[in-house]
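Step one of this worksheet: look at the structure below.
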Amino acid sequence: MQCESSHPTVALTEPSEEPRPWAAMTIAVGAALVTWVTPILYTQMVVEGLMTTAQIGRAASVELLCAAAASAITGARFSTEGLRRKLLCATIIFTLANLVSGFVGYPMILVMRGICGACSSVFLWFLFNVFARSTRPTQLYGMFLVTEGVLGLIVASVTTGAILPMFGSQGGYIALAAFGAVSVAMCAAVPKSFAPLPHVKIGRNKPTARGALGLAVAFMSMGGLLTIWVFVPALALQQGLPAWVMATAVPVALICQVLGGFAATFTGHRFPIRPALLVTYFLLVCVAGIWIATTASMLFILLAGGLSFLWMFQVPITLSYLVDLDPTRRSVLFQTSCQQLGSASGPALGSLLVVGADVRHAILVGAAMLITALSLVVAETIYGRRRTKLHSPEAALLTIPAAQELQSVTTARSAN
C-alpha cells in the first residue's frame, strides 16, 4: 500500500492553466526564509538598541498570529480566480514591508512583521493549492522542505557571518526584500486561475467532517512538536549540561531536518499512511520522555537530531493523510492555518505550566499533544475499518439471507 491516496485524482485545471510547482515553491521559499532570518535580525536590533529582549517575543507572536489569521481567511474565502493578480499584490506588499522593516524600530516593526506574516500565508495558500491539485503531493512537499532547509542554512549563515557585521539589521532586511523581489518576478509564471476543486463553491471553501479530523491531527502534532522544541534550550540549562551541548545540538537538528525532508521525498510515499504516522508519533513521544530524564550530553544531541528528522518526515505524510481522508482535497487548503495555530497555542499552553526554572511540565504538554494526535489517528483507523466492513459487498451479501429469513418468519407469524 502506498502513501498516496487511493482515491481517483481530482480534476485539476484546464490544460493551459496547469499548476507550476517550481513557481509555487520559489515564491513560498522566499517567505519561508524569513522564519530562518528574522530571529537573527531581532537579536541584532536588540544589540543596536532598536528594541528590547522582551519585545522580540511580541514581534514573533504578532507575525505568527497574523500569519495564522490570514491563512484561515485565505483557505476559507479565497478563490483561485485572478490568481496571478492576487500573488502579485501579495509579493509586492511583502517586499515593501521587509524593506521598510530595516528603517523602523519598535513599535512600527510590529506592523511590518504582521504584514509580512499575512502575505506569507497567501504564498503558502498558493503552494497548498498546487499540492491539492497534484498527483504526488508527498514528494512535492518533501522537495519544498528540503529546498527550504538547505537555503535556510545558507542564508542564515551568510546573514550572520557577512551581512550583519557589515550592514547591521538594516542590511538583513534589505536582503529579505531582495528575496521578495525574486518572488515578484516569479509571478509571471503563475497561472491566471486554477479550476476549482470538486464540490467547492467560490468563496465558501470548507473541510469535510473527516478532513476536519485530519486537520485536528495536524494542529496537535505541530503544536506538540514546537512546544517540545521551544523549551529544549531551557531544559539543557535545567539539567546542567555544558553550553557546547546546545551549540552542537542546533546545527545537528538543522541537518537532520534536511535529511527528514529527503526521506519524506524519496521514501515517504512507499509507506502506508496511517502506520507511518502512528510509528512517527510514538517515536516522538518516546523522544520527549527520554529527553526529560536524560542528563547525558551525547544522548541529548542525538535526541535533538531524532526529533528534527521525525518532524520533517511526518509533515508531508500528514498532507497525504488529509488527501486520503478528504478526496475533494478541500481540507488541504487549511493545513497551514491549523499548523500555525498549533504552533502558537502549544508553546503558550506549555508556558503556563513552567514553574520557576522547571520546564519539564511544558515538555509533557507537547508530549500530550502528540499522544492526542496519535489517538485521533488510531480512532479514525478503527472506525474506518469498521465502516469499510459494514459497507463492503461481502457484508451486504451476508445480510441478504438473514433479511430473507427474518421476512419469512414475520410472514409466517402474520399468517398465524
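Some notes on this structure:
- Any pair with Cβ under 6 angstrom, 6 or more apart, that starts in region 132-146 at a residue that is β-branched (Val, Ile, Thr) and ends at one that is modelled with pLDDT under 80 and not in a helix (DSSP H, G or I): 135/9; 138/3
- Qualifying residue in region 208-231 (condition: loosely packed, with under 14 Cβ neighbours inside 10 Å and under 29 Å from residue 65 (Cβ atoms)): yes
- Unique match (being among the aliphatic types (A, V, I, L, M) and either surrounded by 24 or more Cβ atoms within 10 Å (Cβ to Cβ) or under 24 Å from residue 75 (Cβ atoms) (or both)) among 154, 163, 174, 109: 109
- Scanning region 131-172 for residues that are of a type in the set (Ser, Thr, Tyr) and under 23 Å from residue 320 (Cα atoms) yields a count of 5.
- Answer from 96, 127 - the residue that is closer than 19 Å to residue 172 by Cα and either in contact (Cβ under 8 Å) with a residue 40 or more places away in the chain or part of a helix (DSSP H, G or I) (or both): 96
- Whichever residue in region 199-246 is of a type in the set (Phe, Trp, Tyr) and under 16 Å from the mean Cα position of the chain (by Cα) and, among such residues, is modelled with the highest pLDDT: 219
- When residue 292 is tested against (1) at pLDDT below 85; (2) under 19 Å from residue 239 (Cα atoms); (3) of a type in the set (Val, Ile, Thr); (4) in a helix (DSSP H, G or I), only condition (1) is not met.
- Taking the listed residues 104, 146, the one that is among the aliphatic types (A, V, I, L, M) and farther than 19 Å from residue 319 by Cα is 104, with no other qualifying.
- A single member of 82, 117 is crowded, with 16+ Cβ neighbours inside 10 Å, of a type outside the set (D, E, K, R) and under 22 Å from residue 184 (Cβ atoms), and it is 117.
- Among (1) under 30 Å from residue 272 (Cβ atoms); (2) outside any helix (DSSP H, G or I) - the single one residue 148 does not satisfy: (2)
- Qualifying positions in region 360-391 - under 19 Å from residue 215 (Cβ atoms), at pLDDT 90 or above and either of a type outside the set (Gly, Ala, Ser) or not in a helix (DSSP H, G or I) (or both): 369, 370, 371, 372, 374, 376, 377, 378, 380
- All positions within region 153-199 that are among the polar types (S, T, N, Q), touching a residue at least 60 places away in the same chain (Cβ under 8 Å) and over 11 Å from residue 102 (Cβ atoms): 159, 160, 183, 193
- Residue check, residue 63 touching a residue at least 60 places away in the same chain (Cβ under 8 Å) and of a type in the set (D, E, K, R): no
- Test result for residue 273, among the aliphatic types (A, V, I, L, M), closer than 20 Å to residue 377 by Cβ and touching a Gly at 6+ places or on another chain (Cβ under 7 Å): no
The values are calculated or read from the model by the stated rules, or taken from the named source; none is laboratory data. All figures in this text were calculated on a predicted structure; none of them were measured in a lab. Reconstructed Cβ throughout: ideal geometry from the backbone, glycine too, with neighbour counts over all protein chains shown.
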